[in-house]
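Novice: This is the structure I want to talk about, given as structure tokens.
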Amino acid sequence: MTEQFLQYIKFEKRYSPNTCIAYQSDLEQFITYIQLSFGLTEIIAVDHQMIRSWLASLMESGIQPRSVNRKITTLKSFYKYLLREKLLVVNPCIKIVSPKTAKKLPVFVDEAGMETLLADEKFSDEYSQYRNILILEVFYYTGIRLSELINLKQKDIDDVNLSIKVLGKRNKERIIPITKTLKDKIMLLLEMKEKQGVISKEKEDFVFLSDFGKKLYPKLVYRVVNNYLSAITTINKKSPHVLRHTFATHMLNNGADLNAIKEILGHSNLSATQVYTHTTINKLKSIYKQAHPRA
């Protein structure tokens, strides 16, 4: 049953590979627990008390509520699938309540830091250095995810309408506007690849390639971002996602509509985007001081 479920979320629901791996791991942990604790071999015989027992054991072992909630999501999806397939009559997850989690505020780089980071003199005539700083620009100018950047293809660049097409989570396509300056820099990168002999060894024409013509891998991009951010900020996290947070925060602080940011980021619901509203407090203070007669 678990194998069929994993095939279902992979091919029908089109969950990302990382999500599928996480779901598989959660289910394996849960099955091991109920076998050892209750001697059950049939997962359809599980009741809500057994699930609560597992969740309690996770919390007692120091697993964070956010991670526990993800495991609950896995079980709810799994039992919903069993109900759909008529392999189950009662869903044991109905009485399961998720533990409360503290809202994690997004980490971002301030505008002055980004100006320093992306100063024009940072660009180089050498392919790998030019590519690396352009990676940072694309993250900051578009708010795309790491996987979306790595998989960005030449055909996805619309140099007439000044936009890029990205394939997000669950294979959802979206169009993101770009500036003429960014478009020109991307086009220059493509020219540099040819002139400097960076020949693609891939079937697809990816925008960003390694020095050896291979598709970029996540660790390389992480390393690039970490190295550059280390020079301009003391924040602990220095990942590509920080630049996504930075994009959203700066857009919101400069008056962008929350719904527009939601569409650009590819969020499925507005609640995921609303986490950035906390960052506008300094902007609100500034407006308050300017507008209130007694401020």
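The values are calculated or read from the model by the stated rules, or taken from the named source; none is laboratory data. Just so it is clear, the structure is predicted and the values come from calculations on it, not from any experiment. Note: ideal-geometry Cβ built from the backbone for every residue, glycine included; neighbour counts use all protein chains shown. All accessible areas refer to the heavy atoms of the entire protein, side chains included, with ligands and DNA or RNA removed. Shrake-Rupley method; radii C 1.70, N 1.55, O 1.52, S 1.80 Å.
Novice: Here is a list of conditions, (1) farther than 18 Å from L265 by Cβ; (2) touching a strand residue (DSSP E or B) at 6+ places or on another chain (Cβ under 7 Å); (3) among the acidic types (D, E); (4) open to solvent by 60 Å² or more (accessible area, probe 1.4 Å), and E173 meets all of them except one; can you say which number that is?
Specialist: In the conditions (1) farther than 18 Å from L265 by Cβ; (2) touching a strand residue (DSSP E or B) at 6+ places or on another chain (Cβ under 7 Å); (3) among the acidic types (D, E); (4) open to solvent by 60 Å² or more (accessible area, probe 1.4 Å), E173 misses (1) alone.
Novice: Restricting to region 16-44, name every residue that is part of a helix (DSSP H, G or I) and surrounded by fewer than 12 Cβ atoms within 10 Å (Cβ to Cβ).
Specialist: Filtering region 16-44 for residues part of a helix (DSSP H, G or I) gives 17-38, 43-44.
Selection gives P17, N18, E28, T32, L36.
Novice: For a quick check of your reading: which helices (runs of 4 or more DSSP H) sit entirely within region 67-165 and have at least 2 residues that are aromatic (F, W, Y) and farther than 21 Å from D26 by Cβ?
Specialist: Those helices (runs of 4 or more DSSP H) span 127-142.
Novice: May I ask you to verify whether T73 is open to solvent by 10 Å² or more (accessible area, probe 1.4 Å), of a type in the set (V, I, T), touching a residue at least 40 places away in the same chain (Cβ under 8 Å) and out of contact with any helix residue (DSSP H, G or I) (no Cβ under 7 Å at 6 or more places or on another chain)? Steps first, answer last, please.
Specialist: Numbers: open to solvent by 10 Å² or more (accessible area, probe 1.4 Å): yes; of a type in the set (V, I, T): yes; touching a residue at least 40 places away in the same chain (Cβ under 8 Å): no; out of contact with any helix residue (DSSP H, G or I) (no Cβ under 7 Å at 6 or more places or on another chain): yes.
Here the answer is no, as T73 does not meet what is asked.
Novice: Tally up the residues in region 199-229 that are among the hydroxyl-bearing types (S, T, Y), open to solvent by less than 60 Å² (accessible area, probe 1.4 Å) and in a helix (DSSP H, G or I), please. Let's see the steps before the verdict.
Specialist: Taking region 199-229 and keeping what is among the hydroxyl-bearing types (S, T, Y), we get 200, 210, 217, 222, 228.
From what's left, open to solvent by less than 60 Å² (accessible area, probe 1.4 Å): 200, 210, 228.
Remaining after also requiring in a helix (DSSP H, G or I): 228.
Residues in region 199-229 being among the hydroxyl-bearing types (S, T, Y), open to solvent by less than 60 Å² (accessible area, probe 1.4 Å) and in a helix (DSSP H, G or I): 1 in total.
Novice: Right, something else. From the set of residues in region 258-285 that are open to solvent by less than 50 Å² (accessible area, probe 1.4 Å) and of a type in the set (S, T, Y), which is modelled with the highest pLDDT? Explain how you work it out, then say what you get.
Specialist: Step one: of region 258-285, the residues open to solvent by less than 50 Å² (accessible area, probe 1.4 Å) are 258, 260-262, 264-267, 272-273, 275-276, 279-280.
Now drop any that are not of a type in the set (S, T, Y), which leaves 273, 276, 279-280.
Working: T273: 88, Y276: 80, T279: 57, T280: 59.
Among them, the one singled out is T273.
Novice: Working only within region 1-18, note down all residues that are in contact (Cβ under 8 Å) with a residue 40 or more places away in the chain and either among the aromatic types (F, W, Y) or closer than 26 Å to N151 by Cα (or both).
Specialist: Passing the criteria: F5, Y8, I9, K13, R14, Y15, S16.
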